[in-house]
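The values are calculated or read from the model by the stated rules, or taken from the named source; none is laboratory data. Everything numeric here is computed off the predicted structure, so don't read it as measured data. For neighbour counting, all protein chains shown are included, and Cβ atoms are generated from backbone atoms with ideal geometry for every residue, glycine included. Side chains are part of the model used for accessible areas, which takes the heavy atoms of the whole protein and leaves out ligands, DNA and RNA. Shrake-Rupley method; radii C 1.70, N 1.55, O 1.52, S 1.80 Å.
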Amino acid sequence: MSLLVFATITANPGQEEALKTAFHELIPLVRAEAACQLYELYHSTENPTQFIMHERWDDEAGLQAHSNMPHMKAFGEKARANGWLAKPAELIRVPE
């Protein structure tokens with residue numbers, strides 16, 4: 001059974017463009033993961049600090065593997081070091 005994930009990511013004010021650029025560098029790496037079926041970024045026009053990542057994974061194991069990928073760990077470290085995120089991402093998981 002595949003798994004849908006909706007991640008709401010909130011940037012610190014003034015960090016929106018840096019975060020968006022980093023996402024665009026990350027997306028091709030994530031899409032190349034074996035368990036990734038969909039990985040789409042949306043940026044709110046009403047609230048410029050808010051991003052939504054729409055994801056579909058083969059299963060929970062694929063999502064967990066994604067979290068442990070070197071590019072995800074590097075992205076997290078870079079986001080923390082640069083102060084891009086206002087708070088941790090909020091995830092909603094929906095089994096399909």
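Sum -39500 (n - 2.57) across every DSSP H segment of at least 4 residues in the chain, then divide by the residue count to get the 222 nm mean residue ellipticity, nearest 500.
On the way: 3 runs with 37 residues, N = 96.
It comes out at -12000 deg cm²/dmol, rounded to the nearest 500.
Report the net charge of residues surrounding Trp57, where surrounding means a beta-carbon distance below 15 angstrom and charges are Lys +1, Arg +1, Asp -1, Glu -1. Numbers along the way, then the final one.
On the way: positive: Arg31, Arg56, Arg93; negative: Glu33, Glu40, Glu55, Asp58, Asp59, Glu60, Glu96.
Net charge in that neighbourhood comes out at -4.
Identify all aspartates and glutamates with a Cα-Cα distance to Lys78 below 19 Å; exclude those on the same chain that are fewer than 8 residues away in sequence.
Glu16, Glu17, Glu25, Glu90
Please report the accessible area of Glu60 (heavy atoms, 1.4 Å probe, ligands and nucleic acids excluded) in Å², nearest 10.
So the heavy atoms of Glu60 present about 80 Å² to solvent.
When only Cα pairs under 8 Å and 6 or more residues apart are kept, what is the percent relative contact order across the chain?
Computed over the chain, the figure is 49 percent.
Taking the Cβ-Cβ separation of Asn82 and Met1 as r and a Förster radius of 35 Å, what is the calculated FRET efficiency to the nearest 0.05?
Efficiency at R0 = 35 Å is approximately 0.45.
Using a 1.4 Å probe on the protein chains only, how many percent of the accessible area of region 12-96 belongs to carbon and sulfur?
It is 55 percent, rounded to a whole number.
Using the basic label-point model (7 angstrom from Cα toward the beta carbon), what is the Leu38 to Asp58 distance in nanometres?
In this crude label model, Leu38 to Asp58 measures out at 1.9 nm.
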